[in-house]
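Here is the structure we will look at, set down as structure tokens.
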Amino acid sequence: MKPNNAPAPNRRPHFPLGGLGGFGYRICASPTSSAPVGEAGVGAFNMAHVQKSVVGLRIGGEALVPNEITKLLGASPTAAQIKGEKIVGRKTGHVRIAKMGMWRLHAKDREPEDMDGQVQEILGQLTSDLTIWKIIGEKYQVDLFCGIFLGGSNEGMTISAHSLAALGERGIEVGLDIYSGHDKDEPDT
């Protein structure tokens with residue numbers, strides 16, 4: 001593969017099959033794309049933007065008491081439960097018993113996707129004291145649930161280094177659930 005001579009923000013590393021040798025560059029946009037390089041799409045790259053994102057911070061554990069997490073983080077949860085609590089399904093009315101304590105804080109859903117904004121919305125409400133985050137991470141499971149909803153079969157997104165660093169400093173693992181969009185070229189089933 002020949003190197004792409006586009007300016008640096010409009011190229012990405014390309015690793016040929018079989019190893020990291022022969023490091024080259026290629027443009028992210030399709031060569032047949034009508035959009036100018038660096039315009040339209042996500043960041044400096046020309047790609048369709050993810051349709052929707054749903055993001056929530058989850059902290060869970062058998063002995064978790066939501067009020068303790070609220071005091072430590074300095075914000076009230078969107079939803080919480082205590083182990084053994086009866087939980088009634090909103091749609092089904094089905095009753096289940098919580099197997100663990102849980103503290104959740106959700107960001108507003110975004111269309112189009114804006115995970116960076118959602119990460120800032122959540123972390124901006126909570127303490128920035130990394131000692132508290134370490135204590136929570138040692139006692140409980142902590143993750144950022146991210147639902148990614150595609151409108152088509154090939155869409156992209158970026159997460160800034162700032163957001164990744166803020167999550168990493170706090171020991172927050174990121175989990176992605178990616179939901180396929182229905183592309184016009186796909187047959188109806």
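The values are calculated or read from the model by the stated rules, or taken from the named source; none is laboratory data. Just so it is clear, the structure is predicted and the values come from calculations on it, not from any experiment. Cβ sites come from the backbone with ideal geometry, for glycine too, and all protein chains shown count toward neighbours.
Descriptive notes on the structure:
- Selection count where residues are within 25 Å of Gly168 (Cβ to Cβ), in a strand (DSSP E or B) and among the hydrophobic types (A, V, I, L, M, F, W, C), scope segment 95-118: 3
- Among residues of segment 66-96 being touching a Lys or Arg at 6+ places or on another chain (Cβ under 6 Å) and β-branched (Val, Ile, Thr), the one that is modelled with the highest pLDDT is Thr78.
- Subset of segment 156-169 that is of a type in the set (A, V, I, L, M) and in contact (Cβ under 8 Å) with a residue 12 or more places away in the chain - its residue that is surrounded by the fewest Cβ atoms within 10 Å (Cβ to Cβ): Ile159
- Any hit, segment 146-155, residues being of a type in the set (Asp, Glu) and surrounded by 15 or more Cβ atoms within 10 Å (Cβ to Cβ): yes
- Residues of segment 149-181 that are more than 12 Å from the chain's Cα centre (by Cα) and either modelled with pLDDT of 95 or more or under 11 Å from Asp116 (Cα atoms) (or both): Ala161, His162, Ala165, Ala166, Gly168, Glu169, Arg170, Gly171.
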